[in-house]
Amino acid sequence: MRLLIVGDIVKLKIACLGNEEGSEGVVIENYTIGDKSGAQIIFENGEYDGFSLDDQEKFLERIGHSKEFSEYRFTNVWKLSDDFANGRFDEIFE
């Protein structure tokens with residue numbers, strides 16, 4: 001699996017973070033820690049976490065890409081939570 005990028009839409013292969021198998025998420029940030037790269041994803045229930053390349057392979061299936069969300073810029077978890085509460089991700093999860 002290639003590294004997921006901001007705007008990619010994913011589906012969970014297994015239950016995770018209070019979401020059932022098949023729940024959808026969207027990539028909101030790419031990150032690098034040391035020599036490891038990953039993608040941070042927010043899910044339908046508002047939970048979010050980072051997934052390394054290995055985790056992406058195990059937990060996620062890429063099902064599409066949203067050009068609109070490819071422009072999303074993660075700044076901090078408070079802003080992300082506000083964006084979710086204010087409906088910013090509703091269109092993706094309909």
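The values are calculated or read from the model by the stated rules, or taken from the named source; none is laboratory data. Source: prediction; values computed, not measured. Quick reminder, even Gly has a Cβ in these numbers, built from the backbone with ideal geometry, and neighbours come from all protein chains shown. The protein model used for the area step is the full one, side chains on, heavy atoms only, and it has no ligands, DNA or RNA in it. Shrake-Rupley method; radii C 1.70, N 1.55, O 1.52, S 1.80 Å.
With θ taken as phi - 60° and the Karplus curve 6.51 cos²θ - 1.76 cosθ + 1.60 applied, the whole-hertz 3J(HN,Hα) list for the range 86-94 is 8, x, 4, 9, 4, 4, 5, 9, 6 Hz, x standing for glycine and proline. Modelled spin-label separation between TRP78 and HIS65, with each label point placed 7 Å from Cα along the Cα-to-Cβ direction: 3.4 nm. In angstrom, the C-alpha Rg and Dmax of the range 40-94 are 11.8, 32. Rounded to the nearest 500, the 222 nm mean residue ellipticity of the chain from helices alone is -4500 deg cm²/dmol, with -39,500 (n - 2.57) taken per DSSP H run of at least 4 residues. Stokes-Einstein diffusion for the chain at 4 °C, viscosity 1.567 mPa s, with a Kirkwood radius from C-alpha pairs, works out to 99 µm²/s. Charges on Cβ only, +1 for Lys and Arg, -1 for Asp and Glu, centred on the Cα centroid of the chain; of ASN76, ASN19, THR32, which one is farthest towards the dipole's positive end? Result: THR32. Its Cα centre serving as origin, the range 1-88 has a Cβ charge dipole (Lys and Arg +1, Asp and Glu -1) of approximately 220 debye. Normalised per residue, the accessible area of the chain is 59 Å², obtained with a 1.4 Å probe and no contribution from ligands, DNA or RNA. Computed over protein heavy atoms with a 1.4 Å probe, the carbon and sulfur contribution to the accessible area of the chain reaches 46%.
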